[in-house]
Structure formats: structure tokens, C-alpha cells
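Have a look at the structure below before the remarks.
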Amino acid sequence: MNRPTSFSPFLALVFALVLAPARAADNPARPASAMPATVPPAGPALALDEAVARALAQNFDLAIQRLSNASSRDSVVVADADFDPTLNASTSKSRSESALLGNTTPNSLRDSENARVGITKRIDSGATLGLTETLNRSKSSFGAPNPSYGGDLTITIRQPLLQGAGTAVNRASRDRARLGVQRANADLKGTVLTVVRNVESAYYNLVFAREQLGVRQFAFDIAQKFLDETQLRRAAGDRTPLDVTQATLSVEQARLNVVNAIDAVRSREDALLALIGRFEFDQLIGPVALGDEPVPTLSLASSYARARASQPDQLSARLALEQARLDLLTAENNLKPTLDVDASLGLASTEGSYGRAFTEPITAHGYDWSLGFSLSVPWGQRADKARFRQAQTSLSSEEARLQQLDQNLLASVRAAVRAVETSRESLKIATLALQLSKEQYDAEDARFRAGLSTVRLVNDARNDLNNAQISELQSRVNLRQSLSDLSRLETTTLERYRIKLAE
């Protein structure tokens, strides 16, 4: 594997010093490259709960999900509107003439005007009710009264007896739409939990990157001081050129570590800004810090029970199952023949004015009524049978999906609980390892100053100390991350940040 080109100055320096020991003995090695300037965090400190609040207010994913929720609520309005009353009105005017064959003189003339206004409404039983008032005026060349005014008040009802009959099937579309709103709320809850989890992860990663940068900067300072001291001792004849070369290489490696750490900090800052704002990458994030909340007592059974009762994916899957059952109910109803009963009752009168024609039908003696049945059966019903099979398949699929989610949730909770326990133990071990590395470095440095050790061994001890510091930091971050994962599964994240969601 080719080595990174950034190490080539180190190798050139090593070869130069090894091949020319006499020159190095006369002149101390040049100082290592200066450490790149770092910008300390500016602005007020950013607490984790503040970062979460900013994300909840501005995150794109949440904005999109809220629009989806608004659309689902409008779906309920659409479904309810099928049962709203419908007003209708019409008017017409006609004229007719008739004449005897071969005679151009009209035999009779009739003018008529007609106005109709009515209201219809569908009810939960599937019936459609109607009330219509009709007024007409007619004028003819014969007959009395002339003109005459007629009024007609008619009540109609059409009630399905098979397909479309009953409250359950007629409420299915509205019930399905309301379940859709609940699913959208569950999806919003899931999006909130995901956004909060992502913010926590980005925040913890930024804390790690900045503290890692601090470790790298401190290691660079120590390496530089060690190089300066080695050069002075080399000038006094107490160290070899190889010691200076090793110390110089150690400084360059520490400098490169600082460069990489700075890049990591900038990347983690951008990742957090992308979650808590909109195109605000020019903002500076102030100091951040890991929380030190105590680790709660864990119970797999209680964690799983909480997750199963309130996990958004579980809630959404249960609601989707209810929607599938409604779809099956509708598909089964559509297999029935269409059999409707139609009934009407009309009251009519003929008067000499519009006013009397409008008011007299209720007390008039004229009336008409009708009663009829209509039957319709599609040949073979192939389409309806296919839709029924599709609804059955969809229901079975949703049942299997819910069981799969339940199993996956159990596995996720078990893994999350184990992760917390493992992270807690890892932190204990990393803390002990850090203490040991400090003691070993101090001992090796003391041996070196007493002339009993070498630059290489001191560098190795210092690298071990740096790695132990970063490992301990990573263990602390891992513990916070694992607690965050478990909290998301249990949905206790909402309580922790006091997040209220509309039901």
C-alpha cells in the first residue's frame, strides 16, 4: 500500500539526518513545522436541549412531515363531505305550437316556465334523502285558468338493501381517513424521535471531535517541548542525532494529527448546523459539553413494554392493519348485487299565482306517490372478486408486517440494553487504562531524564497515553449514544426534552 504523500517530508528528514550524522552533531536539528492555528469555539455555549429545540423549529424533515399531517387532516374533510347536503336548482322555459296539416295558422299555442329547487343528503345507512319544490307557469291558447301556476313538493328516498347498505360500510371511508390522521401523527412522532436522535448524535460527535482536538494539541505541545529539550541535550553531547530525528518525527506526526482533528471538528460542526438550522453554515457554534446524567437501572422487560406500547412504527402498523380491515369490509360489500328501493311522495296544486302555488301544496288534495325496486348484478363480477382477493392479501401482509416489527423491536431493545451495559463497562475499563497510561508515561519520562530510557520508548509511552485519552473520551461518547438509542426506542426522549405532540 502506498504511504500518504503527507509523510514524505518526514522520510526525507529521517534520511538526511541518518546519512549526515556529523553535520547534525555540529548544528541542532531545525525546529518542526509550526502547528496550524486553531480557532477556539466562539459565541455562547450551545446546550444539547437548545440544539434540539432549534432542530424541532427548523428541521426540513419535520417541516415536510407537518405538511403531510395537514394533508391527512384534509382527507378527513374530503371523506366527511360525501355526507354533506347538496343544494340544486334549475329553471327552464319552453314554447310549443301545433297546427293542422296543410294549415299555416297555429291551431294551438302553449308557453311554460319551470323553476325547481331542492336539497339531497346521504346518511350513514346508505340512504339518500331528497326534498324538492317545483313551481311552473303555463299559458295556452285555450283552457282556464290562463295563465295557470302549479306547485309540487316532493320527498324522495333511495335506500340500498344489499351493496352499500349499513352504517359500517358507509362509515368506512371516514374511519379510514381518521386512521390516516392517527398514522400521520405517529409518523410525525417517529420523525421527531429520529431528528432528536440525529441531533444528539451530531452533538456528541462534535464534543468528541473538539475534545480530541484538545488532546492532539496537548500532545503536539508536549512533543515540541520534548524536541526542544532533546536538541539542547544533543548540543551538550547528551543525546544522539537519532534521538533528535525521532523527536522531530514525533512532532511532525503530532502536527498532522492536529490537522486531521481540525478537519474533523469543522465537519462535525457542519453536520450539527445542517440539523438545527437552514443554510446557516457561517454561524459559529459555541462551547459544547457531554452531559453527566447517571445511568438508569435497566430492565429488558420494562424497556420492551414501553417501546411496544408507544413506538411510532408499531402504532402506525396497528393503524395500517385497521385500515386494511376496513378495505376488506368495503371489498366484501362490493361483491353483493346492487338492490335499491326508491320511494317518493309528492303534494301538488294548481293555482292562479306564484305565491299560492308555493304555499298551497302542503294543504292541497292533489298528491302522487311511487315505490320501486332496482337490481343490478355485474356479469361474473371478475373485477370485484379480484379486488376482494387483493384486500385479503393486503390484510395478511399487514398482519405479517406487524409481527415482523414486533420481533425486530424486541431484537432492537435487547441490543440497545446490551449496548448500554457494554458501554458502561467499557468506560470503567477505559478510565482505568487511562490512569495506567498516565502512570506509565510519567515513569518512562522519569527514566529518560535519568538516562535510563530512549526517545523512542518515551514517544511510545506518550502515544499510548494519547490513545488512552481518546479511548476514554470515545467510551464516554459511546455511553451517551447508547443511552440515546435506548431512549428513542422507549420514546422517553419526548419526556426528557418536554416535547408535546398534537394527538
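The values are calculated or read from the model by the stated rules, or taken from the named source; none is laboratory data. Small disclaimer: the values here were computed from a predicted structure and weren't measured. Using ideal geometry, Cβ is built from the backbone for each residue, glycine included, and neighbour counts are taken over all protein chains shown. Ligands, DNA and RNA are excluded from the accessible area calculation, which covers all protein heavy atoms including side chains. Shrake-Rupley method; radii C 1.70, N 1.55, O 1.52, S 1.80 Å.
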- [ ] Scan segment 474-503 for residues that are buried (at least 20 other Cβ atoms within 10 Å of the Cβ) and aliphatic (A, V, I, L, M) and jot them down.
- [x] Val477, Leu479, Leu483, Leu486, Leu489
Task: Filter result (part of a helix (DSSP H, G or I) and more than 23 Å from Asn467 (Cα to Cα)) within segment 231-243 - done: Gln231, Leu232, Arg233, Arg234, Ala235, Pro241, Leu242
Task: Boolean, Arg158 is open to solvent by 60 Å² or more (accessible area, probe 1.4 Å) and within 21 Å of Leu347 (Cα to Cα) - done: yes
TODO: For residues that are over 24 Å from Thr492 (Cα atoms) and within 22 Å of the chain's Cα centre (by Cα), scanning just segment 383-429, find the one that is least open to solvent (accessible area, probe 1.4 Å).
DONE: Glu398
TODO: Return the pairs, sorted by first residue and then second, in which the second residue is at pLDDT 90 or above and among the hydroxyl-bearing types (Ser, Thr, Tyr), the first residue lies in segment 74-87 and is under 19 Å from Gly180 (Cα atoms) and in a helix (DSSP H, G or I), the beta carbons are less than 8 Å apart, and the residues are 6+ apart or on different chains.
DONE: Ala79/Ser173
Open item on the list: Can you name every one of the strands (runs of 3 or more DSSP E) wholly within segment 107-187 that holds 3 or more residues which are free of Cβ contacts under 8 Å to residues at least 60 places away in the same chain?
Closed with: 108-122, 128-140
Task: Residue list for segment 445-463, restricted to those being in a helix (DSSP H, G or I) and either of a type in the set (Phe, Trp, Tyr) or surrounded by fewer than 17 Cβ atoms within 10 Å (Cβ to Cβ) (or both) - done: Ala446, Arg447, Phe448, Arg449, Arg456, Leu457, Asp460
TODO: Might you let me know whether segment 216-225 holds any residue that is farther than 30 Å from Glu293 by Cβ, buried (at least 18 other Cβ atoms within 10 Å of the Cβ) and out of contact with any Lys or Arg (no Cβ under 8 Å at 6 or more places or on another chain)?
DONE: yes
